[in-house]
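Right, one structure below, let's go through it.
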Amino acid sequence: MIDLHSHILPGIDDGATDLGVSLEMARIAVADGVEIQACTPHILPGLYHNTGPQIRAATWELQQQLDAHGIPLQLITGADAHLVPDMASGLRSGHILSLADTRYVLVEPPHHVAPLRLEDFFFGLLLAGYVPILTHPERLTWIEQHYPTMVRLFEAGVWMQITAGSLTGAFGRAPLYWAERMLNEGRVHIIASDAHGINRRRPNLGEGRAAAAKWVGEAEAENLVLTRPRGILENVLPTQMPAPFKPSSAVSHQASFADRDRRSNRGGKNRGSNVARANDDGRRSFVDRLRSFFE
């Protein structure tokens, strides 16, 4: 497997606290079947002031330590880049890193507040030639109210990465619901561990793969953790990689989702009705704008 999202670099953000933790995380990942690990620390102005050169140096140093300790894990560079204005400029300058210097870049929106003009932001990255990968949408607290936005982003060419732990229930019922729903609707491109340590949020990509396989089958589970991640590292165009698979049994699964909607109904609000109302919105969609641009 290839894990494209982790906080394994020591002492650089809220992930591994020191080299010992980083080495143990690497051992766990290798035992789990991971051969290539992306080092993707946060880049968040005001909190984590990491830069491309710093991340490159830290990745090189950790690779030397892995080699010295006989841990067969190949590291590649990247960043869990929080949404900032004109991110394309930061990518071109090298201040922000894409995954292995490819067209693919991890982008993390705020967790608790839906940002304004989110679709315009991703539109700008796409036009700049990058393929943004929206990290763990299923864990965003505002996904219920803005799920149609996620659908439009997906249809416009934004990739979606869900967290392995979401599929195992490690983040609670809501992330599990949205992770399973997105898989069922064929709206997930990759799964990653987003590992932060050796106890809580440890490397667990294998568990996520196994959980995904129950929904989409073994072939698509491999696409989620190997085929598409490998294509990303080779900078293959999105159109040249397998599209996310929508299970043939999707219709039968909808009843269980609807039942969960009813059981999870809070204050009389229903997810399905929220989505329907949003889909009826008369605004010109993000997809339409993107299509008209290229036409």
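Laid out as a table, the results:
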quantity	calculated
Cα→Cβ-extended label distance, 7 Å offset, between ALA128 and GLU218, nm	4.2 nm
Note, ³J(HN,Hα) from phi for segment 128-135, Karplus 6.51, -1.76, 1.60, rounded to Hz, x at Gly and Pro	7, x, 9, 10, x, 10, 6, 7
Sites ALA68 and ALA114 - FRET efficiency at Förster radius 51 Å, r taken between beta-carbons, to 0.05	0.70
Theoretical gain in end-to-end length, GLN240 to GLN145 [0.36 nm per residue, Cα-Cα removed]	30.9 nm
Label-to-label distance, nm, for residues given as ALA100 and THR168 (7 Å Cα→Cβ offset)	2.5 nm
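Coordinate-derived values only; no laboratory data. Keep in mind it's a predicted model, so treat the numbers as computed, not measured. Cβ atoms come from the backbone with ideal geometry, glycine included; neighbour counts cover every protein chain shown.
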